[in-house]
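Undergrad: Handing you a structure now.
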Amino acid sequence: MTAYDIVVIGGGPAGMMAAGTAAERGASVALMEKNQRNGKKLLITGKGRCNVTNDCTRDVFFANIPVNPKFLFSAYARFSNRDVMDFFEARGVALKVERGNRVFPVSDRAADINNALIDYCKKSGVRVIRDTVKELITENGCITGVSTQSGEEIACSACIVATGGKSYPLTGSTGDGYAFARSVGHTVVSPKPSLVPLVIEGKECAEAQGLSLRNIAIKVSEADSGKVIYKDFGEMLFTHFGMSGPVILSASSHMRDPYKQYTISIDLKPALTLEQLDARIQRDFSENINKDFVNSLSKLLPQKIISVIIKRTGIPYTFKVNSIRREQRLALAGLLKNLEFTVTGFRPIDEAIITSGGISVNEIDPKTMESKLVEGLYFAGEVIDVDAHTGGFNLQIAFSTGRCAGIASAERMGFYSYD
C-alpha cells in the first residue's frame, strides 16, 4: 500500500493550492485528479481569461459573499486577495485590474494561472496521480486513507477534499465530494445552481437570440412588492431560453427565494437621461420622417431587438414616422429605459458557473478547514457551502480555503507554517 502524509482529492484551484502549500512545508502529498489535466474548469473561467480575484477592500469582499461569509473570516485573513495577487506575480504571472476591480492576467490567458499552479505543485514535490477516488477510509473517527477506481488503496494521515460542486460536470465537477462527506456523517446542504443563466417568460428573448448587449444597466425586482434587490452595469446575452452573460449571472445569485417571482428591467441607454434619449429619438425621426417606423430605429438599436421593441410600443411596423405622436415617442423612450422581463426559472445546475450549497459549514472548523466529525479530514473550495457573486470572489474563496487547509494539514503532520 502506497502511503503519503496528505492526499488531496481534486486538481482544481483549491486542490492545487492546498497540495502545493502542504508539500512546500515538507509534507509528502499525493494529488488525486481524474482528468488528464489539472484545472480543467479553471481554464474556462472568465471566458478563458480567468478572473483571478478582486482587488477590493475586505468589507467589499465579504459584501459579495451572500452565503456564510463569516465562515471565511479566518481563511481570508490568512490568504487575502492581495496575497493571491502577490502569489501569482511572484511566479511570473503579470496581473491587471479592470472594471469592478476584477483581476486578470495581463496575457488574458487562464492557462497562465493554471500553469503557475501546476508548476507550484511540481516544484513543491506534489505527486499527481491520475485516478478516481471511490471512497474515504476511516478508522476510529480518523482518516486513514482512500481507495481508488483502479483498485489501489493509498494510506494517509490527512485528506483534503477539494472536488468542486456540481456545475460544469464535463470538467469533472460531478458532486463526488458530497458523497465522500455524507459517507462519514457530514450534512450536505442541497446543491443548487448559482451564477446561472435565467429562463424568461415569452418568446421575445428567442427572437433576439445571439444578441449581446454591452454597457447596459439592469435592475432586479421582486414582482409582488416591486422591491429592487440588485442593480448592475455591463454585458448580457439573449438566448433561446432567456438571458445569460455577466450581469445576468450575477443577478441570478440574488434570486434566492424559491417562493418569489422576479422581474428584470434593462436600461438600453443608461448614459442618457429620459430627456436626452427623447431628443436623440427626435433627431433620428427627423432623418427618417417619411419612412416606416420599423426602418427608423437602426441607428438607435441593434437590429435583433427592434422587432421586440416595436411590438411592445403597439405602433404598427408600417406606421409612418411623421404620424407618430409625442406621447408615443415618449413611451418609446420610456421603454428603452425600462425594458422589463419576467423570470420564470433557472437553467440546470450543469450550466451554472458555481454551485450554491455543499458541506455544512457548521461541521467544519473555519480556522483550519478540518472536519469536526472526522480527524484529519479537510475541505476546500466549492464543495463547502459558501459561494459568491461574479468578479473573482469565488476563485478567491478557493485559494483562501485551499491555502488554509494546506497549512493546517501540514501542521498536523508536524510541518509548521513559516508565513
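None of the figures in this text is laboratory data; all of them are computed from the coordinates on show. The structure presented is a predicted model; accordingly, all values stated were derived computationally and were not measured. Note that we place each Cβ from the backbone using ideal geometry, even for glycine, and neighbour counts take in every protein chain shown.
Undergrad: Can you give the calculated 222 nm mean residue ellipticity of the chain, where each DSSP H run of n ≥ 4 adds -39,500 (n - 2.57) and the sum is split over every residue, rounded to the nearest 500 deg cm²/dmol?
TA: Rounded to the nearest 500, it is -9000 deg cm²/dmol.
Undergrad: Arrange THR21, THR239 by Cβ neighbour counts within 10 Å, fewest through most, would you?
TA: Final ranking by Cβ density, sparse to dense: THR239, THR21.
Undergrad: So what are the three principal axis dimensions of the chain from its Cα atoms, in whole Å, longest to shortest?
TA: Principal extents (largest minus smallest coordinate, Cα): 85, 43, 37 Å.
Undergrad: Taking the beta-carbon count within 10 Å as an exposure proxy, list CYS56, CYS404 from fewest neighbours to most.
TA: With the fewest neighbours first, CYS56, CYS404 line up as CYS56, CYS404.
Undergrad: Which pairs, out of LYS40/LYS123; LYS192/LYS260; LYS291/LYS337, put more than 22 Å between their alpha-carbon atoms?
TA: LYS291/LYS337
Undergrad: Can you tell me the dipole magnitude for the range 197-346 around its Cα centre, using point charges on the Cβ only (Lys, Arg +1; Asp, Glu -1), in Debye to the nearest 20?
TA: 340 debye
Undergrad: Under the Kirkwood approximation for Rh and a Cα-based Rg, what ratio Rg/Rh is obtained for the range 197-346?
TA: Looking at the range 197-346, the ratio lands at 0.99.
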